[in-house]
Amino acid sequence: MLSKSAAKAFFLVGTALCGGTFLLLTLDTIKQVPKQTKKENLTESAIRGKDLWDKNNCMGCHTLLGEGAYYAPELTKVYTRRGEAFILAMLDDPEKMYPGQRKMVKYDFSEQEKKDLVEFFKWIDGMDLNGFPPKPNLGSVAVQTTAMTESDTIAKKIDRPQIFNQMCVACHTLGGQGGNIGPSLDGVGDRRDLQYITAWLKDPLALKADSKMPKMPLSDADITELAAFLSQHKTSTETK
């Protein structure tokens, strides 16, 4: 059993060691911050985007870097998960992107402010957070398709375009993965041909005035890639 003086010494030495260890760990963490946050990628645009994030209290609904509310989607990896075009479209008009679904306020951001927010999300996305949160799974999921020749049927694999994984799955399902706002795209190649799908991707409202799908911010290259992919996605090949 320790004497009173020995117990006091034990307490003081233990407190000093623990305090010193905590201080060293804190200093090491501070030292690692510039490297792990990729400080060199923090542009003036990203800084303005952070100011907008704070000024508009986005954390009142969203979570970022593990902090914030859980009412709206977590945004630490939103740049990888959804891509720049989708983010810009959401900032432009959330209701248009998700008719009757989203509760996000439509902010009257200027075009520059939208780009600043995108740059901010891009910087956050690029941080080294020791595996937090898990990197979005946007790996290509192969789809079995067939191409007829004069003599036989050639089976081949068509990978999902990156733009499909970022934008389309937000509303549509394919192979059991994705959102449930729009119709499933399984076997869409049986229902629609390449020409129709291309026209639909260019402007859904031109083909169906009451369509809930907005005109998406897709480039001509995106439309060509998506139309080719979707037109080859047929039920007959999915079941092989």
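The values are calculated or read from the model by the stated rules, or taken from the named source; none is laboratory data. These figures come from a predicted structure and were not determined experimentally. Glycine also receives a Cβ, built like all others from the backbone with ideal geometry; neighbour counts cover every protein chain displayed.
Okay, residues lined up against (1) exposed (fewer than 14 other Cβ atoms within 10 Å of the Cβ); (2) under 28 Å from Phe164 (Cβ atoms); (3) over 18 Å from the mean Cα position of the chain (by Cα):
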{"position": "Ser5", "(1), (2), (3)": "yes, no, yes"}
{"position": "Leu12", "(1), (2), (3)": "yes, no, yes"}
{"position": "Ile30", "(1), (2), (3)": "yes, no, yes"}
{"position": "Pro34", "(1), (2), (3)": "yes, no, yes"}
{"position": "Thr37", "(1), (2), (3)": "no, no, yes"}
{"position": "Lys55", "(1), (2), (3)": "yes, no, yes"}
{"position": "Ala69", "(1), (2), (3)": "yes, no, no"}
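Inside the stretch 88-109, can you point out the residues that are exposed (fewer than 13 other Cβ atoms within 10 Å of the Cβ) and either hydrophobic (A, V, I, L, M, F, W, C) or touching a Gly at 6+ places or on another chain (Cβ under 9 Å) (or both)?
Correct list: Val105 only.
Which residues, counting only those in the stretch 58-67, are in a loop (DSSP other than H, G, I, E, B) and exposed (fewer than 14 other Cβ atoms within 10 Å of the Cβ)?
Correct list: Gly66 only.
Just one of Ala209, Ala199 is at pLDDT 95 or above and not charged (D, E, K, R); which is it?
Details: Ala209 fails: at pLDDT 95 or above.
None of the other options fit; the residue is Ala199.
Only helices (runs of 4 or more DSSP H) wholly contained in the stretch 170-230 count here; list those with 3 or more residues that are touching a residue at least 12 places away in the same chain (Cβ under 8 Å), of a type outside the set (D, E, K, R) and more than 16 Å from Met97 (Cα to Cα).
194-202
So in the stretch 110-137, with the set limited to residues that are of a type in the set (Gly, Ala, Ser) and exposed (fewer than 11 other Cβ atoms within 10 Å of the Cβ), which one is modelled with the highest pLDDT?
Going through the qualifying residues, I end up with Ser110.
Taking the condition of being assigned to a helix (DSSP H, G or I), modelled with pLDDT under 95 and of a type outside the set (D, E, K, R), how many residues in the stretch 27-57 meet it?
Matching residues across the stretch 27-57 total 8.
Of the residues that sit in the stretch 71-109 and are of a type in the set (A, V, I, L, M) and part of a helix (DSSP H, G or I), which one is modelled with the lowest pLDDT?
Filtering first and then ranking leaves Met97.
Across the stretch 84-111, what is the number of residues that are touching a residue at least 60 places away in the same chain (Cβ under 8 Å) and over 20 Å from Asp203 (Cβ atoms)?
Qualifying residue count, the stretch 84-111: 2.
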